[in-house]
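A.B. asks: This is the structure I want to talk about, given as structure tokens.
The values are calculated or read from the model by the stated rules, or taken from the named source; none is laboratory data. Nothing here was measured: the structure is a model prediction, and the numbers come from that model. FYI the Cβ positions are ideal-geometry reconstructions off the backbone, even for glycines, and counts take in every protein chain you see. Note: accessible area is taken over every heavy atom of the protein model, side chains too, but ligands, DNA and RNA are not part of it. Shrake-Rupley method; radii C 1.70, N 1.55, O 1.52, S 1.80 Å.
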Amino acid sequence: MSARSLFQKVWDDHVVVPESADAPAVLYIDLHLTHEVTTPEAFNVLRSRGLSIRRPDLTVATLDHSTPTVPITTLKDLDVVSEPAAAAQIRTMIENCEKNGIRMYGYGSDSRGIVHVIGPELGATQPGKTIVCGDSHTSTHGAFGALGFGIGTTEVGHVLATQCLLQRRPKTLAINVEGQLPRGVTAKDVILAIIGKIGVGGGTGSVIEYRGSTIRGLDMEQRMTICNMSIEAGARAGMIAPDDTTIQYLNGRPLAPRGAAWDAAVARWRGLPSDADARFDREVSIDISQLVPMVTFGTNPGMVVPVTDAVPVSDDASFRKALAYMKVEAGKPMLGMPVDVVFVGSCTNSRMSDLYAAASILRGRKVAKSVRMLVVPGSVQVQRQAEAEGLDKLFREAGAEWREAGCSMCLGMNGDIALPGQLCVSTSNRNFEGRQGIGARSVLASPLTAAASAVAGVIADPRPLLPN
Amino acid sequence: MEKTDIVRSRTVVMPGTDIDTDQIVPARFLTTTTRKGLGKALFADWRYDKDGKPRPDFILNTPAAAGCQVLVAGNNFGCGSSREHAPWALIDFGIQAVISTGIADIFRSNSLKNGLVPVIVDQATHGWLLTNPGVEVTIDVASCELRLPDGRSVNFPLDGFSKYCLLNGVDQLGYLLHQSDAITRFESERAWKP
Ligand code: SF4
């Protein structure tokens with residue numbers, strides 16, 4: 001057989017019916033992740049057609065998007081803190097899962113959390129699997145060498161009913177990342193720089209494979225941050241070849257294989273990395289050895305500059321509209337822009353290493369008086385561990401709010417929003433107009449940059465504040 | 001899904017690039033548990049002021065936009081989240097086709113499953129449509145042709161399967177359910193089990 005890429009191997013392994021000129025491939029799905037927002041209508045359709053769930057055992061559910069980040073112990077609490085529609089949506093999800101025998105990590109479960117944080121944490125996310133979710137950031141799971149991609153609600157119904165999807169084979173894009181990460185520069189800065197380079201539509205129609213010495217040196221949490229934002233470059237998915245780092249991370253996780261099954265799985269995973277002479281439809285290289293912490297200045301993640309730079313100048317109408325919305329001026333430095341809100345959280349940056357990063361800046365310092373800072377762990381697991389290590393106390397003493405796990409201000413569906421006109425430095429993945437609240441102005445950054453900006457009260461370079 | 005063969009309509013033009021699904025339907029409208037009635041949420045933050053009154057200067061609120069079924073948009077339309085609420089809202093509002101130089105993958109896939117026709121055209125055609133808002137165009141799904149009022153016609157890409165589904169109002173779930181034997185065989189024969 002000719003040389004194959006990681007993507008090609010995973011794809012080939014899941015083709016039920018091959019693609020033809022007349023019809024897309026029927027692709028088998030190994031893991032279906034679900035949450036309350038993009039599933040109710042899929043269940044409605046199945047119900048109306050009298051269809052049952054083919055493999056409830058391959059679907060996992062949680063509550064994250066419209067869920068409050070204040071403590072909830074019973075469903076009754078929901079009615080007190082949530083909008084009626086959000087509460088109804090959560091109830092619908094719980095009911096749909098109960099009726100259909102789908103495992104739900106809901107309130108009271110110590111495995112609840114953002115769907116893309118809990119999949120890996122549980123060990124459900126594994127190399128070589130096909131993983132889908134009615135959520136575009138399913139690309140996160142590619143960090144394990146899985147093929148993870150976001151689908152719409154109709155397709156959620158397809159997976160529930162048949163465990164398969166109709167798919168055309170996407171193109172492949174190799175992104176080679178070389179160089180040692182400079183101090184104070186993180187995976188978030190790398191992916192922002194990549195999106196800045198290839199553009200928000202640069203990956204359209206493609207599955208990205210991130211390769212190179214930088215990627216090999218990243219831990220799993222950082223790799224997830226990179227793959228998470230593949231969709232921000234328009235890509236279908238982003239993948240990283242599994243290696244010792246991947247295998248070590250998964251070993252002993254609740255849903256990872258055990259005993260002989262583990263050994264067999266590891267042997268299979270070892271064969272997944274792209275063959276040495278595998279060809280890609282396109283290749284891009286980036287050297288990050290001189291990279292500086294990155295921040296966005298506009299209304300999409302491709303509008304990004306080093307934090308030490310000024311807002312760029314352009315005559316393009318959409319560019320000018322973005323600057324007007326952001327109330328930033330071309331030619332003015334990013335450093336020193338007043339900040340109202342800082343959000344550390346989201347499936348991009350809400351895991352332990354992200355909290356450690358933010359904590360390393362906040363230790364012994366205070367959040368500026370003018371700033372509201374929210375720290376929202378990605379899962380109950382992360383929350384518990386952080387609390388056991390005293391990070392909650394550290395954040396609170398610094399003047400930040402410490403919340404329950406969920407998507408929170410990443411998309412402002414649960415009432416956690418930035419107010420009109422407020423500038424929010426956010427570790428999330430989308431700086432679209434109104435994403436974090438009507439009229440809110442989002443600046444995407446790493447947890448280090450976010451924490452440094454919280455302390456300074458203005459957009460700040462974290463490097464001078466790094467502990468020795 | 002309704003059958004879609006011909007869309008004939010004046011165009012409404014939104015030239016901005018990278019119009020994302022958070023603009024098409026802001027997240028706070030996603031607490032719904034049904035696809036119905038989302039047209040009122042379409043472009044809500046651009047369409048209404050903070051008191052909920054329509055902004056007269058927003059293109060979809062202008063008299064010229066009334067009844068238009070074809071949206072001409074800037075490059076990379078529909079980027080961002082996977083919410084199918086985006087095509088649901090456009091369709092509920094009355095849009096049946098989107099023309100652009102680039103349409104984001106998930107939005108495109110969601111559109112095809114709901115009978116909203118994604119029409120990708122070259123820069124020159126796109127440029128002409130942007131500078132001539134309100135012209136009457138015809139989108140012919142069977143021949144994958146976009147016909148302009150000056151008699152020109154340009155082809156747009158649409159794979160045979162999607163075309164078949166649009167023309168016959170076939171939803172893909174039926175097709176997938178027919179593959180049930182192959183799926184069962186795959187499940188029992190595969191080398192490893194998830
Ligand atoms: S954290 Fe944000 S991007 Fe991630 S799944 Fe939740 S809403 Fe989506």
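A.B. asks: Return only the number of the condition from (1) more than 16 Å from the ligand (Cβ to nearest atom); (2) in contact with a Leu (Cβ under 8 Å, 6 or more places away or on another chain); (3) open to solvent by less than 20 Å² (accessible area, probe 1.4 Å); (4) more than 14 Å from every other protein chain (Cβ to nearest Cβ) that A:VAL305 does not satisfy.
C.D. replies: Single failed check for A:VAL305: (2).
A.B. asks: Would you confirm whether any residue within the stretch A:208-217 is in a helix (DSSP H, G or I) and within 14 Å of chain B (Cβ to nearest Cβ)?
C.D. replies: no
A.B. asks: To continue, here is another question. Go through the stretch A:410-468 and report how many residues are more than 11 Å from chain B (Cβ to nearest Cβ) and basic (Lys, Arg).
C.D. replies: 2
For (1) in contact with a strand residue (DSSP E or B) (Cβ under 7 Å, 6 or more places away or on another chain); (2) surrounded by fewer than 23 Cβ atoms within 10 Å (Cβ to Cβ), each residue gets a yes or a no:
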{"position": "A:GLU232", "(1), (2)": "no, no"}
{"position": "A:ALA235", "(1), (2)": "yes, no"}
{"position": "A:ILE240", "(1), (2)": "yes, no"}
{"position": "A:THR245", "(1), (2)": "no, yes"}
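A.B. asks: Can you find a residue in the stretch A:407-425 that is farther than 30 Å from B:VAL25 by Cβ and touching an Asp or Glu at 6+ places or on another chain (Cβ under 9 Å)?
C.D. replies: Taking the stretch A:407-425 first, the residues farther than 30 Å from B:VAL25 by Cβ are none.
No, the stretch A:407-425 contains no residue that is farther than 30 Å from B:VAL25 by Cβ and touching an Asp or Glu at 6+ places or on another chain (Cβ under 9 Å).
A.B. asks: Looking at (1) within 28 Å of A:ARG112 (Cα to Cα); (2) away from the ligand (no atom under 16 Å from the Cβ); (3) in contact with a Phe, Trp or Tyr (Cβ under 8 Å, 6 or more places away or on another chain); (4) not basic (Lys, Arg), find the lone condition where A:PRO24 falls short.
C.D. replies: (1)
A.B. asks: Given the conditions (1) facing chain B (nearest Cβ under 9 Å); (2) part of a loop (DSSP other than H, G, I, E, B); (3) crowded, with 24+ Cβ neighbours inside 10 Å, and given that A:HIS137 satisfies all but one, which numbered condition is not satisfied?
C.D. replies: Here A:HIS137 meets the rest and fails (2).
A.B. asks: Looking at (1) over 17 Å from B:HIS178 (Cα atoms); (2) open to solvent by less than 10 Å² (accessible area, probe 1.4 Å); (3) more than 9 Å from every other protein chain (Cβ to nearest Cβ), find the lone condition where A:PRO40 falls short.
C.D. replies: Just one mismatch for A:PRO40, condition (3).
A.B. asks: Shifting gears a bit: Looking at the stretch B:120-194, what helices (runs of 4 or more DSSP H) fall wholly within it and have at least 2 residues that are without any contact (Cβ under 8 Å) to a residue 24 or more places away in the chain and either surrounded by 15 or more Cβ atoms within 10 Å (Cβ to Cβ) or facing another protein chain (nearest Cβ under 10 Å) (or both)?
C.D. replies: Here the list reads B:160-168, B:172-178, B:180-189.
A.B. asks: Is at least one residue of the stretch A:91-102 touching a His at 6+ places or on another chain (Cβ under 9 Å), assigned to a helix (DSSP H, G or I) and within 16 Å of the ligand (Cβ to nearest atom)?
C.D. replies: Yes, the conditions are met somewhere in the stretch A:91-102.
A.B. asks: Need pairs with beta-carbon distance below 9 Å; first residue among the aromatic types (Phe, Trp, Tyr) and within the stretch A:345-360, second within 15 Å of the ligand (Cβ to nearest atom); sequence gap 6+ or separate chains.
C.D. replies: A:TYR356/A:PRO447
Table: residues versus (1) outside the structural domain of A:ALA322 (by TED's automatic domain parsing); (2) open to solvent by less than 10 Å² (accessible area, probe 1.4 Å); (3) in contact (Cβ under 8 Å) with a residue 60 or more places away in the chain; (4) more than 21 Å from A:VAL304 (Cβ to Cβ).
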| position | (1), (2), (3), (4) |
| --- | --- |
| A:GLY364 | no, no, no, yes |
| A:SER370 | no, no, yes, yes |
| A:GLU397 | no, no, no, yes |
| A:THR427 | no, yes, yes, no |
| A:ARG430 | no, yes, yes, no |
| A:GLY434 | no, no, no, no |
| A:VAL455 | no, no, yes, yes |
